[in-house]
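K.L.:
Mind looking over this structure? Questions follow.
Please treat every number below as a calculation from the coordinates, not as lab data. Being a predicted model, the structure only gives us computed values, none of them experimental. FYI the Cβ positions are ideal-geometry reconstructions off the backbone, even for glycines, and counts take in every protein chain you see.
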Amino acid sequence: MSRISVLASVTGVVLALGIAAAVATPAAMDWYDNRHQESDSYVTGAQAKQARASVPRWLPDGASSVKYAMKTTGGERLLKAVLPGGELPTQCTAEPTGRAKEVQLDEDWFPHGARKRATARCGLYYAYVDGGTLYAWQHDQDWLEAERGARDTAS
């Protein structure tokens, strides 16, 4: 085999490996970043609460078009639902604008910039209603602090 043939073969292999790495790396990173994230949709709030213990109990049973996302390794949560009557549940309290923590998960059905729109706290969730649709999220740090408090109380 001539030097030119060997050089062409090596160059071809290196080029093929480079292209494969360029294609595979973003897909692998996306899988790695999202491997602990789950998302699901439910017809009603009652169905969502029955299917997942982590769906907040304050979500009205009559809520519809429920979308829920969560990290399995922490307390990050997203919730979107059409509320009966378009009003926040009675368990929610007013939250001064600007106090909400960042939204830590990303789903195409959850709006960007939600933090600036938060007007309420529903349990550990920051929330607001837009046109009868509830948008709510839970920050991991709030969940961790609540878990620590529950353990300390149980001790």
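K.L.:
So for the stretch 47-129, Kirkwood radius off the Cα pairs, Stokes-Einstein at 4 °C and 1.567 mPa s: how many µm² s⁻¹?
P.N.:
Stokes-Einstein gives a translational diffusion coefficient of 97 µm²/s.
K.L.:
Can you tell me the order of 90-101, 128-139, 48-59 when each peptide is scored by its average per-residue count of other Cβ atoms within 10 angstrom, highest first?
P.N.:
The packing order, highest mean first, is 128-139, 48-59, 90-101.
K.L.:
Determine the relative contact order of the stretch 61-103: mean sequence separation of Cα pairs under 8 Å and six or more apart, normalised by residue count, in whole percent.
P.N.:
For the stretch 61-103, the relative contact order is 32 percent.
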